Amino acid sequence: MLNNLTEQLRHQLENREKTKLYRRRLTLEGSQSKHVSAAGREYLAFCSNDYLGLASHSQLIAAVCEGAALYGVGAGASHLISGHSSAHHALEEALAHFTGFPRALLFSTGYMANAGVVTALADRGDAIFADKLNHASLNDAALGSRAKFARYPHLDLATLEQQLVVSRAKRKLVMSDAVFSMDGDVAPAADLLALCEKYNAWLILDDAHGFGVLGPQGRGTVSHFNISSPRIIYMATLGKAAGVFGAFIAAQPEIIETLIQHARSYIYTTAAPPLLSHALLKSLELIEEDEWRRDKLTQLVARLKHELQSLRWQLLTSVTPIQPLIIGGNDEALEISEALRERGILVPAIRPPTVPQGMARLRISLSATHDIEDVMQLAAALRDLGHDSR
């Protein structure tokens, strides 16, 4: 019987390989930077979510060392037993102040934050409405909540309103990525909020890719649109622009207390190491103070768009550091990614089910550590490859 089960798995894996959907890990030999080393070779990398270039910042490294000396390495317990440190508490207060919400609550990952908030707030008899291109963590959270789950076409607020009009659910949640992780476009958060106000719904915004990048001083998408409402439940991650690790929910006190009491992904897990929270306090300072990092990203995005406008592949509309180049087929996307790698440039090929069928792409990620010369090198290589593959 075990052999049969193993054979089934082997067949599934072989089929994934045949359809060009098999994934392989890249093992880095050093720190995250615009130049990375793998298998003994150095590459120019456009594949990290370290948008502000903080992951290897000297002040954060020093803060981690200081945090380890103060708090040790591990938290030792869950937040509700004895794992909630003064470092965690200070970071939660700082995040609430930074984002403009009354309170914030730390989670170990964005996936756990989304799972926790959705399943704590929605159950049978409730309804969840979600953009079709939302991150997998939001979709999985909705399925786990047992609420009715309705998805609307990407950014199609007319369809969303129709769904809200006919819903008789006792509690409604509208969920959307604030910045879509594979397309790089920004959700119309103000319009989403207006619909939630009109139809008495909560609005969950996943700002994993907007926090630190968008808004005045990098305060995120809510600040970018200058919106405020007790209906907004704001999630952001701390391992992308913030350069460290973790995630948080910012919301009204009643929401935060509900999560502390009912969010299973918060209650039943060991707290993240306090030294990370100590380092993130320094990260928040750098995000707030270093406006030049966001200015540089704007310049890099503009140059990349200019340099790639003549390609036969389509560069999606995005003002964020996420610049997707649509290739189409899985085979060609892999071929272009591998050809770039042979030239010493890392750009990942993103394929279904992460993106829709026929929409395989290169996901170009820019960082404040990149220079114009780096963008020019990538653009020249893509122009050559585009000409060669005609």
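In a residue-by-residue description of segment 347-368, the property of being exposed (fewer than 14 other Cβ atoms within 10 Å of the Cβ) and in contact with a Gly (Cβ under 8 Å, 6 or more places away or on another chain) applies to at least one position. Residues that are more than 16 Å from ALA242 (Cβ to Cβ) and surrounded by fewer than 21 Cβ atoms within 10 Å (Cβ to Cβ) within segment 102-118 comprise PRO102, ARG103, TYR111, MET112, listed in sequence order.
Please go through segment 154-171 and give me each residue that is within 22 Å of ALA187 (Cα to Cα) and more than 27 Å from the chain's Cα centre (by Cα), ordered by number.
Residues of segment 154-171 that are within 22 Å of ALA187 (Cα to Cα), as a first pass: 154-165.
Correct list: GLN162, VAL165.
For segment 347-390, taking the residues that are polar (S, T, N, Q) and outside any helix (DSSP H, G or I), the one that is nearest to ALA242 (Cα to Cα) is identified as SER367.
Criterion applied to HIS370, HIS278 was being in the same structural domain as MET182 (by TED's automatic domain parsing) and in contact with a helix residue (DSSP H, G or I) (Cβ under 8 Å, 6 or more places away or on another chain), and the one residue passing it is HIS278.
When segment 220-234 is filtered for residues that are buried (at least 23 other Cβ atoms within 10 Å of the Cβ) and of a type outside the set (Val, Ile, Thr), the ones remaining, listed by number, are GLY220, TYR234.
Considering each residue of segment 243-265 in turn, none proves to be outside the structural domain of LEU121 (by TED's automatic domain parsing), hydrophobic (A, V, I, L, M, F, W, C), closer than 24 Å to ALA190 by Cβ and crowded, with 16+ Cβ neighbours inside 10 Å. Looking across segment 126-182 at every residue that is of a type in the set (Asp, Glu) and assigned to a helix (DSSP H, G or I), the one that is farthest from ASN114 (Cα to Cα) is identified as GLU161. The C-beta contact set for segment 293-315 (first residue closer than 22 Å to LEU214 by Cβ, second residue part of a helix (DSSP H, G or I), distance under 6 angstrom, 6+ apart or interchain) comprises LEU300/VAL375; ARG303/ILE372; ARG303/VAL375; LEU304/VAL375; LEU315/LEU308. Residue count for segment 373-384 satisfying the condition of being surrounded by 16 or more Cβ atoms within 10 Å (Cβ to Cβ) and either without any contact (Cβ under 8 Å) to a residue 12 or more places away in the chain or not assigned by TED's automatic domain parsing to the domain that holds SER310 (or both): 0. Do the conditions hold for ASN15, that is, is it touching a Leu at 6+ places or on another chain (Cβ under 7 Å) and polar (S, T, N, Q)? Judged against the criteria, ASN15 is not a match.
The values are calculated or read from the model by the stated rules, or taken from the named source; none is laboratory data. These figures come from a predicted structure and were not determined experimentally. In this analysis, Cβ positions are derived from the backbone assuming ideal geometry, glycine residues included, and neighbour counts consider all displayed protein chains.
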